[in-house]
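A quick write-up on the structure given underneath.
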Amino acid sequence: MENQRSLILHAGFSLVEFDAIKIEFTSFEFPPEVENAIFTSQNGVLAMQDGVPMNVGSKIHNCFCVGEKTKALLEKNGHKVIHSTEYASELSEYLVKNHKADFFHFFCGNIRSDEIPTKLKENNIQFEEIVVYKTTLNPKKFDRNFDAILFFSPSGVRSYFENNNPANFYSVLNPGRVELAVCIGTTTASEARNFTQNVVISNTTTVESVIAKAVKLLKE
């Protein structure tokens, strides 16, 4: 978005953007009624709304989600958010502790973390997983050096490194240092460490926090 882009440009850095992944909303059967819904991304919310009637809000009683912006999007569209967390691991712990007897519908993509499904299964919490969007990699080769690469999902990491070897690219500001990978959260950072050890994590799981972390480190 323009306001996020301006945070980098106003800090005096240039920017190269590309869509590392492609999101495609898929057809799915929406349950007649959803008592408890789990969303781990904004894409899940958008996909659900795109594929069913707009009055779907009346059919979902309670929402549990990951991410501030996922929560804001749900509330903007009239859904009641019972609890939100920064990470999927935190949400799974909350559900196990507070909702062990409840049934959940988990709206997700075809590529999703195993954190929540695994935790629910381990604790015999019943749920139905509904795939509402498809994520595909959109790799691109870059024949140039960067000081930092900003990653917003594990899929984005895999997409970038499919055609770009970190050993071949070094920081312009700090010759001899491999590009800095700035990641939106621990899961994304864990994926990035499969390719490079020069990884840092933003303070919060927002795009703005990733940008702020990158700008701060590059100015040091």
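The values are calculated or read from the model by the stated rules, or taken from the named source; none is laboratory data. Here the structure is a predicted model, which means the values were calculated and not measured. Here the Cβ positions follow ideal geometry from the backbone for every residue, glycine too, while neighbour counts run over all protein chains shown. The area values use the complete protein model at the heavy-atom level, side chains included, leaving out ligands, DNA and RNA. Shrake-Rupley method; radii C 1.70, N 1.55, O 1.52, S 1.80 Å.
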Q. Pick from Ala88, Ala101: which is more than 27 Å from Ser190 (Cβ to Cβ) and small (Gly, Ala, Ser)?
A. Ala101
Q. Which residues, counting only those in the stretch 175-186, are surrounded by fewer than 16 Cβ atoms within 10 Å (Cβ to Cβ) and modelled with pLDDT of 90 or more?
A. Thr186
Q: Taking the options Ala167, Ala214, Ala189, name whichever one is open to solvent by 30 Å² or more (accessible area, probe 1.4 Å), in contact with a strand residue (DSSP E or B) (Cβ under 8 Å, 6 or more places away or on another chain) and either part of a helix (DSSP H, G or I) or modelled with pLDDT under 90 (or both).
A: Ala167
